[in-house]
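A short write-up of the structure that comes next.
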Amino acid sequence: MNRRDKAFVAVAAELVEAARLFGGRGWALATSGNFSARVGERAVAITRSGCDKQQLLPDDLVLVNLDGGALDPPDARPSAEAAIHGQLYRRRVSVGAVLHVHSPAATVMSRLCEPEGAVVLSGWEMQKGLAGVLTHEQIVRIPIFGNTQDVASLAAVVGDHVTAHPEHPGCLIAGHGIYGWGASVTEARCHIEALEFLCECEWRLRAAAVPDGDRK
Ligand SMILES: [Zn+2]
């Protein structure tokens, strides 16, 4: 397997499209965010470190193993968060793509709800954009994990969580951003879009509910 492989070329094109779309929405500013897709049992295409997602090119995708180690090119610098992606592929064979953005509403909600350890959603039609959710009446918990610069420990926490809760389509990292995953790039994109929209709805609802006397 290398970057000329058909499977790599196909997912690289899908990842470029997703990165440019989300980058254009301001969800991956200042080279933040990282995007990946599985290209084999033990290989993943992932964005290299430090690239502008709004102008991402297929050459910005590199091939790594499930530990985030570079395979092609061998001296590539994959995303700093490659280990988190690797844990998701390692722990759940059904995961085919992992997308991570620093989108505003999810990042705000990750701080507001950090003490509860989750954003709890119910009553929103958009919940049905999440795999396995069939009705707005369902209570959906999106877990929030504390941020750290120790990526290996964060990867272990996220990995343990998806092993215990395989039904979850994504998570928030407090004050940092959002991870969404799915069987394909299309499904992972859908999960990121739904989660960001739901976080924005919750954020606006909470802001609107503040009594006038409490506004500063
Ligand atoms: Zn990040």
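The values are calculated or read from the model by the stated rules, or taken from the named source; none is laboratory data. The model shown is predicted, which means the values in this text are computed figures rather than measured ones. No Cβ is skipped: glycine too gets one built from the backbone with ideal geometry, and neighbour counts run over all protein chains shown.
Using the structure shown, decide if Arg215 is farther than 23 Å from Glu14 by Cβ, of a type outside the set (S, T, N, Q) and at pLDDT below 95.
Taking the combined requirement at face value, the residue satisfies it.
Could you look through region 58-90, keep only residues that are away from the ligand (no atom under 16 Å from the Cβ) and in contact with a His (Cβ under 9 Å, 6 or more places away or on another chain), and pick out the one that is farthest from Ala10 (Cα to Cα)?
Leu66
Could you tell me which of the residues Ala164, Ala207 is modelled with pLDDT under 95 and over 25 Å from Leu66 (Cβ atoms)?
After ruling out the rest, the residue left standing is Ala207.
Would you pick out the residues in region 44-70 that are in contact with a Ser or Thr (Cβ under 9 Å, 6 or more places away or on another chain) and farther than 19 Å from Val95 by Cα?
Correct list: Arg48, Ser49, Gly50, Cys51, Asp52, Lys53, Leu56, Asp60.
Please go through region 164-188 and pick out each residue that is closer than 21 Å to Pro115 by Cα, within 16 Å of the ligand (Cβ to nearest atom) and surrounded by 15 or more Cβ atoms within 10 Å (Cβ to Cβ).
Gly170, Cys171, Leu172, Ile173, Ala174, His176, Gly177, Ile178, Tyr179
So which residues in region 26-39 are surrounded by fewer than 15 Cβ atoms within 10 Å (Cβ to Cβ) and more than 16 Å from the ligand (Cβ to nearest atom), if there are any at all?
Scanning region 26-39 gives no hits.
Do the conditions hold for Gly23, that is, is it outside any loop (DSSP other than H, G, I, E, B), among the small types (Gly, Ala, Ser), within 16 Å of the ligand (Cβ to nearest atom) and touching a residue at least 12 places away in the same chain (Cβ under 8 Å)?
Yes.
Could you say whether any residue in region 55-78 is among the polar types (S, T, N, Q) and surrounded by 24 or more Cβ atoms within 10 Å (Cβ to Cβ)?
Within region 55-78, none of the residues are among the polar types (S, T, N, Q) and surrounded by 24 or more Cβ atoms within 10 Å (Cβ to Cβ).
Which count do you get for residues in region 40-50 that are of a type outside the set (Gly, Ala, Ser), surrounded by 19 or more Cβ atoms within 10 Å (Cβ to Cβ) and within 13 Å of Asp67 (Cα to Cα)?
Qualifying residue count for the region: 2.
Looking at the structure I just gave you, is Ala152 surrounded by fewer than 16 Cβ atoms within 10 Å (Cβ to Cβ), within 16 Å of the ligand (Cβ to nearest atom) and modelled with pLDDT under 95?
In short, yes.
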